[in-house]
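Novice: Right, I'll just put the structure down here and ask away after.
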Amino acid sequence: MSLGTCVILIIWLAGGCHRDPPPVAPGEPIPAAPEVTLGTMDAECDSLIAAFATYKQCPNLDDEERLDIDAWSERAQQDFAAGKKAKPEPNAQQAIAAACHKAVVSVQAANERCLAGSKPSL
């Protein structure tokens, strides 16, 4: 057997002795999100309109983004008006209130991001 073949054989055998490190122990469990106390459908959805109005005041938005926010707010108002006409049952009102609450949290996060500074240019 040549020297090159011996070196290759030794490297190959050393590779077969490789063992993966033991798995990392799990960390502390992440606590569940606290229960959200929802208001009425009207109150939660009115909060969404107010959140849009606050977001629109962000000084780092451009005109096109403000027009988008106006369109979202107008669409939300139309949808809420249609929802009130339909007089949804209490379970449906609760679901609508939850959806509006989630949207409020999202718009507030977008506003925080906006207030942190203008978008980076690509």
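The values are calculated or read from the model by the stated rules, or taken from the named source; none is laboratory data. Everything numeric here is computed off the predicted structure, so don't read it as measured data. All Cβ positions, glycine included, derive from the backbone under ideal geometry; neighbour counts span all protein chains shown.
Novice: Quick one: THR54 ticks every box in (1) more than 20 Å from the chain's Cα centre (by Cα); (2) at pLDDT 95 or above bar one, so which box is it?
Specialist: (1)
Novice: Moving on. Have a look at ALA43, ALA33, ALA98, ALA76 and point out the one that is free of Cβ contacts under 8 Å to residues at least 24 places away in the same chain and among the hydrophobic types (A, V, I, L, M, F, W, C).
Specialist: ALA33
Novice: Just give me the residues in the stretch 96-113 being of a type in the set (A, V, I, L, M, F, W, C) and within 13 Å of the chain's Cα centre (by Cα), in sequence order.
Specialist: Matches in the stretch 96-113: ALA103, VAL104, VAL105, VAL107, ALA109, ALA110.
Novice: I've got another one for you. If you scan the stretch 60-98, which residues turn out to be in contact with a Gly (Cβ under 8 Å, 6 or more places away or on another chain), more than 23 Å from GLY117 (Cα to Cα) and of a type outside the set (Val, Ile, Thr)?
Specialist: Passing the criteria: only ALA97.
Novice: For the stretch 72-115: of the residues being surrounded by fewer than 17 Cβ atoms within 10 Å (Cβ to Cβ) and among the polar types (S, T, N, Q), which is nearest to GLY39 (Cα to Cα)?
Specialist: Among those residues, the one meeting the criterion is GLN94.
Novice: Then there is this: Say whether the condition of being modelled with pLDDT under 95 and within 30 Å of PHE80 (Cα to Cα) is met by at least one residue in the stretch 15-32.
Specialist: no
Novice: Pick from the stretch 31-62 the residues that are in a helix (DSSP H, G or I) and of a type outside the set (A, V, I, L, M, F, W, C): which of them is surrounded by the fewest Cβ atoms within 10 Å (Cβ to Cβ)?
Specialist: Only one residue fits best here, namely THR54.
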